[in-house]
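To start, the structure under review is shown below, and the notes come after it.
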């Protein structure tokens, strides 16, 4: 699927997120997401891409009461947009506040695939593996981790914490792991 089709689906998903937002902070985050999606405009063939997405049943056209035409994500489109979001997920804030974020999980063997996928994704997000099921990162990332954990359906097995201090031996190891290369 083309880049502009991904942008359309992600924009519609951000619109859904905006509509479901309770606080102004959540609404602002949804608006910032739309801004990031369209940072590099690719408007060529936008109409054709919308028709293609409609044909693939990822979106549907909706006639509003005022006569205007709107676009709406279908359930299939929501899943595809969430998949794109997941694939492109990054920890944005790379300013260290002196605290360490720790992710600990104990996922049963019957959910091994989910456990392995979670481990793979958090390593890609930049977490350092202290032990097989203990990972650390120095950046705020609660929302990203919540999304990943929910994506894999592992909420009750995964725990997130913030450490303000850590023993000196471990601190040296972690600072070395996150030192600019």
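The values are calculated or read from the model by the stated rules, or taken from the named source; none is laboratory data. Being a predicted model, the structure only gives us computed values, none of them experimental. Cβ coordinates were reconstructed from backbone atoms using ideal geometry, including for glycine residues, and neighbour counts include every protein chain displayed.
Summary table below
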| item | result |
| --- | --- |
| Residue list for the range 67-76, restricted to those being more than 18 Å from residue 49 (Cα to Cα) and at pLDDT 85 or above | 75 |
| Qualifying strands (runs of 3 or more DSSP E) (wholly inside the range 33-146; at least 3 residues being under 22 Å from the mean Cα position of the chain (by Cα) and touching a residue at least 24 places away in the same chain (Cβ under 8 Å)) | 100-105, 134-137 |
| Residues located in the range 106-141, provided they are farther than 21 Å from residue 178 by Cβ and surrounded by 14 or more Cβ atoms within 10 Å (Cβ to Cβ) | 107, 111, 114, 115, 117 |
| Selection status of residue 148, modelled with pLDDT of 90 or more, crowded, with 17+ Cβ neighbours inside 10 Å and under 23 Å from residue 10 (Cα atoms) | yes |
